[in-house]
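Asks: Okay, here's the structure, questions in a sec.
The values are calculated or read from the model by the stated rules, or taken from the named source; none is laboratory data. Here the structure is a predicted model, which means the values were calculated and not measured. FYI the Cβ positions are ideal-geometry reconstructions off the backbone, even for glycines, and counts take in every protein chain you see. For the accessible areas, the whole protein counts, side chains as well, though only heavy atoms, and no ligand, DNA or RNA atoms are used. Shrake-Rupley method; radii C 1.70, N 1.55, O 1.52, S 1.80 Å.
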Amino acid sequence: IPPDSRLHAPWTWRPSTQPEFLAELTDTVAQLPRPVRLILDDVHELLDPVALHGLHTLLRNRPTNLQLVLSSRFDPPLSLPRLRLTGRLSELRADRLRFSPTETATLLERSGLNLTPTQVDTLHQRTGGWAAGLRLAALALTRTTNPDTFLDQFSGNDSTVADYLTGEILSALPEDVHEFLRVISISNPVPSRLAAKLTGREDAGSLLDHLAHHTSLLTPTTPTRDTYRIQELLRTYLTADLHRQGPTRAADLHTTAAHWWADHNQPINALEHATRSHNPALLTELLHRHAIPLILTGDHEPLRRTLSSLGAHATATDPWLALTSA
């Protein structure tokens, strides 16, 4: 910093002094002989309008030798589309920060855990490669004597994961958005039209797109951005939270989802939701409707699971189901 810069002196911060401070900062940085990287963490915590205006000003008048690195759980209220358009923005979103299976294995190994490839793969699938979830699981695994039992039960409903999700992520969302996510968590993946059917919200598609783009809690699974997946640990927490409100509500939502998938010619998804609805009549109806097409396409395993969930007595007393079973 140049010796005559006022940044050397203690600076008493007041909102009225912000323009003067930012001007002094940019002028000083511009005179430095080497590039400067300024890292601002937890930008989602910036709520004060004066502070946000100052960040806007700094971005607009940024010296060429100053690189700003912003870390945030949600998209900050900045002119990101304009920055993208002008080529002044590089983004690392959740899909690029997600751990690969190899990175997951490395993290667990460096945490002092000696897991089998199958156990590593199970944990990677349960967490979706989410770094925080992997770290929480690794800490818990160091305290267990039976990794297989732990991995079978590990989900977003684990106490340490649940505390993190509620305290650090869900608490920042409006209650109606929290409820929206809770309801759609029964389906994985969830098409936007099914989300609208489950929640009764006509804006379900735009809300899903907004959440995927601004929070990284969801990931689009199609180029047209009409189907999404919720981050796996978050989804399992939300599903458990939904069941805590009473099994009847969850069963009703699964019934709605089963009818929707069946009407859209997706019998495997329909049978899965019908099984979770605990509604034998619905399950029987869908088997009568879809058993032959599934047999012809070779999708025998979903049929076996569905027939098993109905039970031997129900299968034996229905000639069509008995023939399907045979």
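Asks: Only one of (1) under 23 Å from Arg96 (Cβ atoms); (2) among the aliphatic types (A, V, I, L, M); (3) more than 17 Å from the chain's Cα centre (by Cα); (4) surrounded by fewer than 18 Cβ atoms within 10 Å (Cβ to Cβ) is not met by Ala138, so which one is it?
Replies: Condition not satisfied by Ala138: (4).
Asks: Which one of Ser325, Ser277, Ser308 is touching a His at 6+ places or on another chain (Cβ under 7 Å) and of a type in the set (Gly, Ala, Ser)? Break it down into steps so the answer makes sense when it comes.
Replies: Values: Ser325 fails: touching a His at 6+ places or on another chain (Cβ under 7 Å); Ser308 fails: touching a His at 6+ places or on another chain (Cβ under 7 Å).
So the residue among Ser325, Ser277, Ser308 that is touching a His at 6+ places or on another chain (Cβ under 7 Å) and of a type in the set (Gly, Ala, Ser) is Ser277.
Asks: Next question. Glu45 - would you say it is within 28 Å of Gly129 (Cα to Cα), open to solvent by 50 Å² or more (accessible area, probe 1.4 Å) and either of a type in the set (Asp, Glu) or modelled with pLDDT under 85 (or both)? Can you show your working first?
Replies: On the way: within 28 Å of Gly129 (Cα to Cα): yes; open to solvent by 50 Å² or more (accessible area, probe 1.4 Å): yes; either of a type in the set (Asp, Glu) or modelled with pLDDT under 85 (or both): yes.
Spelling it out, Glu45 is indeed within 28 Å of Gly129 (Cα to Cα), open to solvent by 50 Å² or more (accessible area, probe 1.4 Å) and either of a type in the set (Asp, Glu) or modelled with pLDDT under 85 (or both).
Asks: Let me ask something else. Please pick out the residue among Ala281, Ala258, Ala196, Ala240 that is modelled with pLDDT of 95 or more, open to solvent by 20 Å² or more (accessible area, probe 1.4 Å) and at negative phi. Before you say what the answer is, go through the steps one by one.
Replies: On the way: Ala281 fails: modelled with pLDDT of 95 or more; Ala258 fails: open to solvent by 20 Å² or more (accessible area, probe 1.4 Å); Ala240 fails: modelled with pLDDT of 95 or more.
Result of the check over Ala281, Ala258, Ala196, Ala240: Ala196.
Asks: Next up: Consider Glu301 carefully, then state whether it is in contact (Cβ under 8 Å) with a residue 40 or more places away in the chain and either surrounded by fewer than 21 Cβ atoms within 10 Å (Cβ to Cβ) or touching a Gly at 6+ places or on another chain (Cβ under 8 Å) (or both). If you could, list the steps in order and put the result at the bottom.
Replies: Details: in contact (Cβ under 8 Å) with a residue 40 or more places away in the chain: no; either surrounded by fewer than 21 Cβ atoms within 10 Å (Cβ to Cβ) or touching a Gly at 6+ places or on another chain (Cβ under 8 Å) (or both): yes.
Answer is no for this residue.
Asks: Which numbered condition trips up Leu181, out of (1) modelled with pLDDT of 95 or more; (2) on the phi > 0 side of the Ramachandran plot; (3) not small (Gly, Ala, Ser)?
Replies: (2)
Asks: Let me ask something else about it. Just one of (1) open to solvent by less than 30 Å² (accessible area, probe 1.4 Å); (2) at pLDDT below 95; (3) farther than 23 Å from Trp130 by Cβ trips up Gln245, so point out which.
Replies: Of everything listed in (1) open to solvent by less than 30 Å² (accessible area, probe 1.4 Å); (2) at pLDDT below 95; (3) farther than 23 Å from Trp130 by Cβ, Gln245 misses just condition (1).
Asks: Right, another one. Can you name every residue in region 48-85 that is part of a loop (DSSP other than H, G, I, E, B), touching a residue at least 24 places away in the same chain (Cβ under 8 Å), closer than 22 Å to Ser216 by Cα and open to solvent by 40 Å² or more (accessible area, probe 1.4 Å)?
Replies: Ser71, Ser72, Arg73, Phe74, Pro77, listed by residue number.
Asks: Filter region 14-28 down to residues that are farther than 30 Å from His214 by Cβ and of a type outside the set (Ser, Thr, Tyr) and give me whichever is surrounded by the fewest Cβ atoms within 10 Å (Cβ to Cβ). Explain how you work it out, then say what you get.
Replies: Of the residues in region 14-28, the ones farther than 30 Å from His214 by Cβ are 14, 16-17, 20, 23-24, 27-28.
Checking which are of a type outside the set (Ser, Thr, Tyr) leaves us with 14, 20, 23-24, 27.
Numbers: Arg14: 10, Glu20: 12, Ala23: 12, Glu24: 15, Asp27: 14.
Filtering first and then ranking leaves Arg14.
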